[in-house]
Amino acid sequence: MSEADKINTPSEALVKDFEKAAEEVKDLPSATNDEKLDLYGLFKQANAGDNDTDRPGAFNFTGRAKWDAWTKNKGTDKKTAMEKYIELVKKLQKEAEEKAAA
């Protein structure tokens, strides 16, 4: 394993935090479509890496939006994608808590 691979390999703690965030995201009361797409793209990047699939057809609006969200993260390593995903989930949780308290 190269030094760069070691740096970009997620720790066990990060993987656990990522898995926890992936479970917690299911309990978010609301998120905009753009936020959901950002979450989807980061989740796919963290789990599958760069998108190398063909873009869905013009009439597959949902498929194209998801494809674009994933492809937007092209070149992002697994560790960084996990960190960004966790950060976004925490941000959305905080916003939901603030709305509930208001």
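Brief remarks on what is shown
- Selection within segment 52-73 - more than 15 Å from Leu37 (Cβ to Cβ), among the charged types (D, E, K, R) and under 19 Å from the mean Cα position of the chain (by Cα): Asp52
- Subset of segment 11-26 (residues that are open to solvent by 100 Å² or more (accessible area, probe 1.4 Å) and closer than 23 Å to Thr62 by Cβ): Lys26
- Looking only at segment 51-98, and only at residues there that are loosely packed, with under 13 Cβ neighbours inside 10 Å and touching a residue at least 12 places away in the same chain (Cβ under 8 Å), the one that is farthest from Lys20 (Cα to Cα): Arg55
Conditions tested, residue by residue: (1) among the basic types (Lys, Arg); (2) under 22 Å from Leu14 (Cα atoms).
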position	(1), (2)
Asp27	no, yes
Lys44	yes, yes
Arg55	yes, no
Arg64	yes, no
Ala69	no, no
Asp77	no, yes
Lys84	yes, yes
Lys90	yes, yes
Glu95	no, no
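The values are calculated or read from the model by the stated rules, or taken from the named source; none is laboratory data. Just so we're clear, the structure is a prediction, and the values are computed from it rather than from any experiment. Methodologically, a virtual Cβ is constructed for each residue, glycine included, from the backbone with ideal geometry; neighbour enumeration extends over all protein chains shown. For the accessible areas, the whole protein counts, side chains as well, though only heavy atoms, and no ligand, DNA or RNA atoms are used. Shrake-Rupley method; radii C 1.70, N 1.55, O 1.52, S 1.80 Å.
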